[in-house]
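Below is one structure, written out as structure tokens, with a few remarks after it.
The values are calculated or read from the model by the stated rules, or taken from the named source; none is laboratory data. Note that the structure is a prediction, hence the values are computed from the model and not measured. Because the Cβ atoms are built from the backbone with ideal geometry, glycine has one as well, and the counts that use them run over all protein chains shown.
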């Protein structure tokens with residue numbers, strides 16, 4: 001939005017000052033990422049820029065750390081675990097979070113605010129506290145599944161981690177879907193009911209297509225939360241469920257390897273792609289509701 005020609009001197013000063021402040025904040029946030037990206041291509045096993053890199057000598061750059069990530073069994077096992085756990089946790093989060101958001105959007109539901117506060121509490125409560133509570137709760141769940149139902153210990157470990165990550169992802173789905181439902185025209189569902197459509201048909205044929213951008217956005221946030229989470233999986237999981245962030249944490253603590261920088265770069269690229277998708281869905285949602293995308 002450009003500055004109007006009739007703006008006062010004070011408005012002009014604030015206009016440019018605000019943009020300078022935003023630029024400084026952006027630089028402050030993005031600088032660590034800009035440092036990590038080139039270091040991941042370091043030809044040496046260092047966490048610092050070598051003289052060759054500073055001279056932009058091609059000999060100072062290499063893909064060796066990326067090759068180590070794809071060829072190392074430990075890294076690949078943790079990567080596969082993340083690809084198994086995150087999508088399943090996302091599906092659970094989207095299913096339960098969408099239903100909860102739709103239910104809480106009904107005006108006749110009692111104690112809506114209290115229920116909403118409880119459901120989004122995993123987003124507010126410090127993660128270490130949530131992880132501690134999940135440790136005790138899912139320990140009992142695991143004992144029941146293994147001892148009473150006789151399930152495999154490794155499978156139970158995956159179940160516990162998936163459920164714990166689903167709990168962390170549900171608040172994101174509830175918030176995004178609730179925001180989408182704010183502009184939803186309730187007369188559409190009533191019209192569908194008057195035409196003889198049952199509630200399930202009305203949901204999938206009328207309501208879901210309109211709130212789909214919010215559902216997908218919440219799912220992407222839930223996926224990112226699960227894919228990047230390390231504290232809860234340290235408490236709830238075992239070595240068999242070691243995820244990519246857990247492997248990175250272990251690498252920083254036990255054996256410092258520049259491969260961590262390559263993995264961090266891959267995660268940054270994945271996050272950028274997912275956030276770009278979220279922004280495109282947000283703009284689509286605004287267009288569907290007749291709002292000019294900002």
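Key figures for this structure:
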item	result
Checking residue 92 against (1) outside any loop (DSSP other than H, G, I, E, B); (2) at pLDDT below 90, the condition it does not meet	(2)
Complete set of residues in the range 53-67 that are touching a residue at least 40 places away in the same chain (Cβ under 8 Å) and over 26 Å from the mean Cα position of the chain (by Cα)	none
Selection count where residues are surrounded by 12 or more Cβ atoms within 10 Å (Cβ to Cβ) and out of contact with any strand residue (DSSP E or B) (no Cβ under 7 Å at 6 or more places or on another chain), scope the range 47-59	4
Helices (runs of 4 or more DSSP H) within the range 185-294 that include 3 or more residues under 25 Å from residue 101 (Cβ atoms) and at pLDDT below 85	186-194, 199-202, 208-228, 259-288
One residue from 143, 154 being surrounded by fewer than 14 Cβ atoms within 10 Å (Cβ to Cβ), in contact (Cβ under 8 Å) with a residue 40 or more places away in the chain and not in a loop (DSSP other than H, G, I, E, B)	154
Residues being under 30 Å from residue 281 (Cα atoms) and free of Cβ contacts under 8 Å to residues at least 60 places away in the same chain - total across the range 221-255	4
For residue 128: the one exception among (1) surrounded by fewer than 13 Cβ atoms within 10 Å (Cβ to Cβ); (2) in contact (Cβ under 8 Å) with a residue 60 or more places away in the chain; (3) over 17 Å from residue 225 (Cβ atoms)	(3)
Which listed residue is out of contact with any helix residue (DSSP H, G or I) (no Cβ under 7 Å at 6 or more places or on another chain), assigned to a helix (DSSP H, G or I) and surrounded by 11 or more Cβ atoms within 10 Å (Cβ to Cβ), from 77, 19, 113	77
Sole exception among (1) outside any helix (DSSP H, G or I); (2) out of contact with any helix residue (DSSP H, G or I) (no Cβ under 7 Å at 6 or more places or on another chain); (3) farther than 30 Å from residue 256 by Cβ for residue 44, by number	(3)
Condition met for residue 40 (touching a residue at least 12 places away in the same chain (Cβ under 8 Å), in contact with a strand residue (DSSP E or B) (Cβ under 9 Å, 6 or more places away or on another chain) and under 26 Å from residue 270 (Cβ atoms))	no
